[in-house]
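Visitor: Provided herewith is a single structure, encoded as structure tokens, for subsequent inquiry.
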Amino acid sequence: MTIDDRVKISVLKELEYSNRMIAQYIGVAHGTIDREIKRGMVTKMSKQSNNGKVYCYYKEYYDPYTAQERYEKSRSNCGRTPIYQSSPEIINLLDDLMLGEFDFKDHDKFESLDSQKCSPYAALKIAESLVNDDVKLPASERSIYNWIDKGLLRTRITGSSADFLP
């Protein structure tokens, strides 16, 4: 639903059209209009003074701009959080492995290895053995290549696939 549709709903509600009539006019299901109106409902308070007393009146009405704002906020929360956002330490670990900055001497499994550059595949396999089970890792090395292309890693690919530069 667009902001134009929401403005039409507002105007039609002011003219006291039913939700079914509005739905028919816009070309959507009446349930869509019901949910849309709930999304955009705001309460306005007005005050009136009489003989030194202040009376407050509350009126609910549909505001298309509030509805649009709530829709956009809700929409921004859709989908799962990418691994690189939910586990930023993975980015650093993979970068260190691919750039040859990881110190293998601190880990018993890899103490025979020197600090050397790893391919994304090798970095992923080493990371799988280093991190806990509760830490999320990318599904494949293709994800790491995508992260490199997006500029999420310090690693850059130049020339052949064996060249990983900081």
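The values are calculated or read from the model by the stated rules, or taken from the named source; none is laboratory data. These numbers come from a predicted model, not from an experiment. A quick note on method: Cβ atoms are made from the backbone with ideal geometry, for glycine too, and the neighbour counts reach across all protein chains shown. Ligands, DNA and RNA are stripped out before the accessible areas are found, and what is left, the full protein with its side chains, is counted by its heavy atoms. Shrake-Rupley method; radii C 1.70, N 1.55, O 1.52, S 1.80 Å.
Visitor: Would you mind telling me the share, in percent, of accessible area of the chain contributed by carbon and sulfur at probe 1.4 angstrom? Spell out each step's value before the answer.
Guide: Values: 5310 of 11400 Å².
For the chain, the apolar C and S fraction of the accessible surface comes to 47 percent.
Visitor: List the relative contact order of the stretch 1-133 as a percent without decimals, with contacts defined as Cα pairs under 8 Å and 6+ residues apart.
Guide: Details: 123 pairs, mean separation 21.1, N = 133.
Dividing the mean separation by the residue count of the stretch 1-133 yields 16 percent.
Visitor: Considering only protein heavy atoms, what is the solvent-accessible area of L15 at a probe of 1.4 Å, reported in Å² to the nearest 10?
Guide: 110 Å²
Visitor: Give me the 1.4 Å probe accessible area per residue for the chain, excluding ligands and nucleic acids, in Å².
Guide: Heavy-atom SASA per residue in the chain reads 69 Å².
Visitor: Separation between the K73 and K59 pseudo-spin-labels, each 7 Å from Cα along Cα→Cβ, expressed in nm?
Guide: Between K73 and K59, the label points sit 2.4 nm apart.
Visitor: If you don't mind, another one. Under 15 Å from the Cβ of K136, count the other residues' Cβ atoms, weight Lys and Arg +1, Asp and Glu -1, and hand me the total. Write out the running numbers ahead of the final one.
Guide: Values: positive: R80; negative: E89, E128, D133, D134.
Combined, the nearby Lys, Arg, Asp and Glu give -3.
Visitor: To the nearest 0.05, how large is the calculated FRET efficiency for A139 and D103 if R₀ is 41 Å and r is the Cβ-Cβ distance?
Guide: Details: r = 27 Å, r/R0 = 0.65.
For R0 = 41 Å, the calculated efficiency reads 0.95.
Visitor: Further question on the same structure: With contacts defined as alpha carbon pairs under 8 Å and 6 or more residues apart, what's the relative contact order of the stretch 1-74 in percent?
Guide: Computed value for the stretch 1-74: 32 percent relative contact order.
Visitor: Specify which labelled value, from [x] 59, 20, 13; [y] 72, 26, 23; [z] 23, 20, 15, agrees with semi-axes √(5λ) of the Cα gyration tensor in Å derived from the coordinates of the model shown.
Guide: Correct label, based on the coordinates given: [x].
Visitor: Assuming 0.36 nm per residue, please report the length gained on full extension of the stretch V28 to E89 beyond their Cα-Cα distance.
Guide: On the way: separation 61, 0.36 × 61 = 21.96 nm, distance 4.59 nm.
Contour length minus Cα-Cα distance gives 17.4 nm.
Visitor: Kindly identify the stretch 12-58 as rounded, prolate or oblate by the Cα gyration tensor criterion: order the square roots of the eigenvalues as a ≥ b ≥ c, call it rounded if a/c is under 1.5, otherwise compare a/b with b/c, prolate if a/b is larger, else oblate.
Guide: Values: a/c = 6.14, a/b = 3.10, b/c = 1.98.
Judged from the Cα gyration tensor, the stretch 12-58 comes out prolate (a/c at least 1.5, a/b above b/c).
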